[in-house]
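The values are calculated or read from the model by the stated rules, or taken from the named source; none is laboratory data. Bear in mind the structure is a predicted one, so any value in this text is a computation, not a measurement. In this analysis, Cβ positions are derived from the backbone assuming ideal geometry, glycine residues included, and neighbour counts consider all displayed protein chains.
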Amino acid sequence: MKKIFLVILFFSAVISYGQTDTKSYWEKSGNFNLNFTQNYFSNWSAGGENSIAGLPKLHYQAIYTKDKIKWSNFMNFALGYSVVGQSDIMKTDDKIEVISNFGYKLRNNWFATLDVKFLSQFAKGFDYSVDSTNYISKFMSPGYLNIGPAITYNKDDWFVVSFSPANSRFTFVTDQKLADQGRYGLDPAVTDTAGNIIEHAGKMKYQFGAKLTAAVKYEVFKNVVLGTKLELFSDYLDHPEYIIVNWENLVNLKVNDWLNVNLTTQLFYDHSVKTFDENGVAHDAKVQFREGLMLGVGFNF
């Protein structure tokens, strides 16, 4: 709960800025969705397992516009779990994302901006295909922070392209056990021939390079919104030819004012993020992919 409070406190401070203005230059909006799936079987001859899953999502944005200043702030939270049959509860989604872009308008739709992005998760995560006792992630393990100046093209907020030629990328793994394993691109602990740790691994990795972000969110048909965001990062300090790729897609079908259907996908690749087998042995990086289809109820505010 303390983690949630700290993140909300940060964003609340951003939103409260300018509340004393006699004229409000803020445009604020948000939505909350509860995605839910459930299956029940009784004497079903074809077989099946009872299951239940819930995934609440919160999105909030606050955009400040005055003269040539445009300050855009976005917050995305998600935390979902499911239970299948008699198995233990399993985490299905977990996201903390805070984005802040402070821009000065140059001309037309072009801005000079300072871009900040923070990404982490709330709870411990497990590789359920291996076991559900040894966690492989938790709050700030990993945590990511990107910050850097950029040139941004913003077309009515539905199409945004931003290029930062000098972007700092911090990867945090604050859990010493995970850091020592060399998770999330960190160098592992130094060990002797028996596997005993001689020197613990560092808990932070710093990268400096170029970052390109392109995002589109558009109503392609009535009540059908398509969103896609592509982020590319090249590290000047270590193999700049290896591009870190993060590509997210969203298709939202609005059935009515409170009912909607969401299809989301995410593709991620980082050559330094190794995969681990059931014995904890590290292997080369692989393309990571996830997909989710949910029926949800929600409201805007």
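Here are the numbers:
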quantity	calculated
Failed item in (1) of a type outside the set (Lys, Arg); (2) under 30 Å from Ala150 (Cα atoms); (3) surrounded by 15 or more Cβ atoms within 10 Å (Cβ to Cβ), with Ala179 passing the rest	(2)
Every residue from the stretch 132-164 that is β-branched (Val, Ile, Thr), within 20 Å of the chain's Cα centre (by Cα) and closer than 24 Å to Asp277 by Cα	Ile136
Search result, residues across the stretch 136-165 that are farther than 21 Å from Ser234 by Cβ and either modelled with pLDDT under 95 or among the hydrophobic types (A, V, I, L, M, F, W, C) (or both)	Ile136, Phe139, Met140, Asn154, Lys155, Asp156, Asp157, Trp158, Phe159
Segments classed as strands (runs of 3 or more DSSP E), wholly inside the stretch 201-301, with at least 2 members that are more than 29 Å from Ser129 (Cα to Cα) and of a type in the set (A, V, I, L, M, F, W, C)	204-221, 224-235, 288-300
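Conditions (1) in contact (Cβ under 8 Å) with a residue 12 or more places away in the chain; (2) part of a strand (DSSP E or B); (3) in contact with a helix residue (DSSP H, G or I) (Cβ under 7 Å, 6 or more places away or on another chain); (4) of a type in the set (D, E, K, R), marked per residue:
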{"site": "Glu27", "(1), (2), (3), (4)": "yes, yes, no, yes"}
{"site": "Asn33", "(1), (2), (3), (4)": "yes, yes, no, no"}
{"site": "Phe36", "(1), (2), (3), (4)": "yes, yes, no, no"}
{"site": "Ser42", "(1), (2), (3), (4)": "no, no, no, no"}
{"site": "Gly48", "(1), (2), (3), (4)": "no, no, no, no"}
{"site": "Gly54", "(1), (2), (3), (4)": "yes, yes, no, no"}
{"site": "Gln61", "(1), (2), (3), (4)": "yes, yes, no, no"}
{"site": "Leu79", "(1), (2), (3), (4)": "yes, yes, no, no"}
{"site": "Ser82", "(1), (2), (3), (4)": "yes, yes, no, no"}
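Here's the yes/no breakdown for (1) surrounded by 12 or more Cβ atoms within 10 Å (Cβ to Cβ); (2) out of contact with any Leu (no Cβ under 6 Å at 6 or more places or on another chain); (3) more than 20 Å from Ser162 (Cβ to Cβ):
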| site | (1), (2), (3) |
| --- | --- |
| Thr191 | yes, yes, yes |
| Ala194 | no, yes, yes |
| Lys205 | yes, no, yes |
| Phe208 | yes, no, no |
| Thr213 | yes, yes, no |
| Val220 | no, no, yes |
| Asn249 | yes, yes, no |
| Asn252 | yes, yes, yes |
